[in-house]
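Participant: The structure is given below, and queries will be raised subsequently.
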Amino acid sequence: MRAPLTVVALLSCALLAGCGVAAAPAAGPSRVPLTTASPTPSPTPSPSPSPSPSPGAAPAGRPAPVVNFGKRTGNRVALTFDADLTADMRAKLRAGSVKSYANTRVLDVLEREKVPGTFFMSGMFVEEYPEFTRRLAANPTFELANHSFSHRGFTPNCYTLGQVPAGEMTGEVARTFQLLDGYGGRQTRFFRFPGLCHDPAALAAVGAQGVTVVDGDVVSGDPFATNPKAVSDAVLGKVRAGSIVIMHCTDVNAPVTDKALPAIIAGLRAKGLEPVVLSDLF
Ligand SMILES: [Zn+2]
């Protein structure tokens, strides 16, 4: 089911861009050293364990499933952060009118507080900020997810994001997975549409990549926010067990997210809610 999202919140989200994939490396088969012995035992072929599927992996070739929240029992919630970068944003970087869209202060807060997070990376953000991406991959409390390559809309009229031609939709997802794959860390098959815009054709297209589409049930409203308290109040007023909170690590366009995070983290703890990565929410 789709959680109702306000037009304003959706619009704000649409102006930013998306996220990615993570999977724990499967343990290799244990090798038993052979000692000299007679008769030589015929080595029993150890069954090679089938690699664990990546978190979020769905059967490829079917329309991608969509989730808005996880288990409502228990006390787990997921903080998710979209790393947006569009062609327009890249042009601003090249022109020097914007210094950086990477909000490393978000990472500072999460690392200091030891709070897990799932990061939906647009491929262009990964290309622009390899150090940021390496920092995410190096931290086992963070996981990586896919937010398309160019953060264009996957439906007509997805705010001002433009539109990915139908023939490029699958490639938009695949390209970002390829980029992320080289970083290691906790990869997933979670995908978030730019602007959360999707329709049956888009779900069918990204389904070819075997992803689970993640929307969310708590919109922080951090895009273009100027008041951190408004952001933390929006989150804490709606969050409950199983919630998926949508935020951004996209600086300039979401400039106060890091300032809202300490109150959000403290508020979650006061409610007895535990932030986990998306993989641990379901
Ligand atoms: Zn986005």
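Participant: Could you line up Leu110, Leu79, Leu273 from fewest to most neighbouring Cβ atoms inside 10 Å?
Facilitator: Details: Leu110 24, Leu79 28, Leu273 19.
Lowest count first: Leu273, Leu110, Leu79.
Participant: Any aspartates and glutamates with Cα under 18 Å of the Lys92 Cα? List them, leaving off those in the same chain fewer than 8 positions away.
Facilitator: Of all the aspartates and glutamates, those that pass the test against Lys92 - Cα under 18 Å, at least 8 places apart if same chain - are Asp84, Glu127, Glu128, Asp251.
Participant: Now for a separate question. If you project the alpha carbons of the range 114-221 onto the principal axes, what extent comes out on each, in Å, largest first?
Facilitator: 39, 29, 24
Participant: Taking square-rooted eigenvalues a ≥ b ≥ c of the alpha carbon gyration tensor, is the range 71-159 rounded, prolate or oblate, where a/c under 1.5 means rounded and, failing that, a/b exceeding b/c means prolate?
Facilitator: Oblate.
Participant: Right, another one. Past 24 Å, Cα to Cα: identify those pairs from Lys71/Lys271; Lys71/Lys229; Lys229/Lys271, in the order given.
Facilitator: Values: Lys71/Lys271 16 Å; Lys71/Lys229 27 Å; Lys229/Lys271 17 Å.
Pairs exceeding 24 Å: Lys71/Lys229.
Participant: Give me the one-decimal Kirkwood hydrodynamic radius in Å for the range 160-274, with the sum taken over alpha-carbon pairs.
Facilitator: Numbers: mean 1/r = 0.0622 Å⁻¹.
Averaging 1/r across every pair of different Cα atoms and inverting gives 16.1 Å.
Participant: Name the aspartates and glutamates eligible as straight-distance cross-link partners of Lys114: C-alpha to C-alpha under 15 Å, and not fewer than 8 places from it in the same chain.
Facilitator: Glu143, Asp258, Glu274
Participant: Can you run phi through the Karplus equation (6.51, -1.76, 1.60; θ = phi - 60°) for the range 172-184 and list ³J(HN,Hα) in whole Hz, with x for Gly and Pro?
Facilitator: Rounded to whole hertz, the list is 4, 6, 4, 4, 6, 4, 4, 5, 5, 3, x, 8, x.
Participant: Mind sorting Phe282, Phe177, Phe120 by how few other Cβ atoms lie within 10 Å of their own Cβ, fewest first? Show your work: numbers first, answer last.
Facilitator: On the way: Phe282 14, Phe177 23, Phe120 32.
By the 10 Å Cβ count, ascending: Phe282, Phe177, Phe120.
None of the figures in this text is laboratory data; all of them are computed from the coordinates on show. What you are looking at is a predicted structure, and each value in this text was computed from that prediction instead of being measured. Ideal geometry is used to build each Cβ from the backbone, glycine not excepted, and the neighbour counts take in all protein chains shown.
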